[in-house]
Amino acid sequence: MRIGIDLGGTKTEVIALADDGRQLYRHRLPTPRDDYSQTIETIATLVAMAEEQTGERGSVGVGIPGAISPATGVVKNANSTWLIGQPFDKDLARRLGREVRVANDANCLAVSEAVDGAAAGAACVFAVIIGTGCGAGLALNGRCHDGRNAVAGEWGHNPLPWMDNDELRYRDEVPCYCGKGGCIETFISGTGFARDYQRLSGSALRGAEVMTLAEQGDATASLAIQRYEQRLAKSLAHVVNILDPDVIVLGGGMSNVARLYRTVPQLMKSWVFGGECETPVLQAQHGDSSGVRGAAWLWPLNG
């Protein structure tokens, strides 16, 4: 049995999977924000609940909104800031009495979709989370690829490529929380989409509300989604030019916008070197379960 944990900002989730991927158990508890020791205890509680309910002992994989630094052995780049600087994997392993595998939550999405999701069987999968923020992860042959510096897939904190004049102005108006300007995240996260609509219209709406207006033919909302599609296409074309993955998978709130799967692959061709691009862009098959499933699959069938 494989146990996966998805450590989110507000909820921490556990899943238990059989060897064939069947869900045996799933449960959520509130994340104890700003309390590191209680975060460890919450995860331990969820693991105990899964093992009690299934009657089996499982391997444990954990997805976190950050990474374990290969240089220092402690958490870095986590928006759950109370994890930063902590030897999270070692502390959790000590508490559970077993080895624990930890990966970035976007890498867990990539693993999940590569193992038994939308990109099942693909050798190289680039998975994107476009929600409140923007992250990405990479799976090679169904396994998480962290990279030498544990930053593989941190695509959202590269500059938006091929900026036009309006995007250059936007870059200066809205710095990214990472301290740099022009990051992809500031443009193509759900937050960035809603902010762009507000710049165009003067009205503050949630992304889903903007999409409803666009579907009703509202001109400003339609312009906002067209601008978003161009920016997403440029950003993904940049990935194709560097990595040329077999499949690109989208997760997070903006991945539910159905028109993206029609428009973005065609738009990407304008930015991919040579103008040829047949890379499938697919919605995550497991939806909001994909991250926690991928955490479980950090322990693959062949070890």
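Odds and ends about this structure:
Matching residues to (1) over 24 Å from D288 (Cα atoms); (2) among the polar types (S, T, N, Q):
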| site | (1), (2) |
| --- | --- |
| Q23 | no, yes |
| I40 | no, no |
| M49 | no, no |
| R57 | yes, no |
| I84 | yes, no |
| L96 | yes, no |
| V100 | no, no |
| N107 | no, yes |
| G121 | no, no |
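- Residue within segment 195-204 that is free of Cβ contacts under 8 Å to residues at least 60 places away in the same chain, among the acidic types (D, E) and under 25 Å from P70 (Cα atoms) present: no
- V125 being touching a Pro at 6+ places or on another chain (Cβ under 7 Å) and without any contact (Cβ under 8 Å) to a residue 40 or more places away in the chain: no
- Selection status of N141, under 27 Å from V249 (Cα atoms), surrounded by fewer than 21 Cβ atoms within 10 Å (Cβ to Cβ) and out of contact with any Leu (no Cβ under 9 Å at 6 or more places or on another chain): yes
- Restricting attention to segment 25-59, the residues that are in contact with a strand residue (DSSP E or B) (Cβ under 8 Å, 6 or more places away or on another chain), open to solvent by 60 Å² or more (accessible area, probe 1.4 Å) and not in a loop (DSSP other than H, G, I, E, B) total 6.
- Among the residues of this structure, D116 counts as one that is open to solvent by 40 Å² or more (accessible area, probe 1.4 Å), farther than 26 Å from R148 by Cα and touching a residue at least 60 places away in the same chain (Cβ under 8 Å).
- Residue, surrounded by the most Cβ atoms within 10 Å (Cβ to Cβ), within segment 60-74, restricted to residues that are touching a helix residue (DSSP H, G or I) at 6+ places or on another chain (Cβ under 8 Å) and under 21 Å from I3 (Cα atoms): G63
The values are calculated or read from the model by the stated rules, or taken from the named source; none is laboratory data. This is a predicted model, so every value here is computed, not measured. Every residue, glycine as well, gets a Cβ built from its backbone with ideal geometry; the counts of neighbours run over all protein chains shown. Side chains included, ligands, DNA and RNA excluded: accessible areas come from the protein's heavy atoms. Shrake-Rupley method; radii C 1.70, N 1.55, O 1.52, S 1.80 Å.
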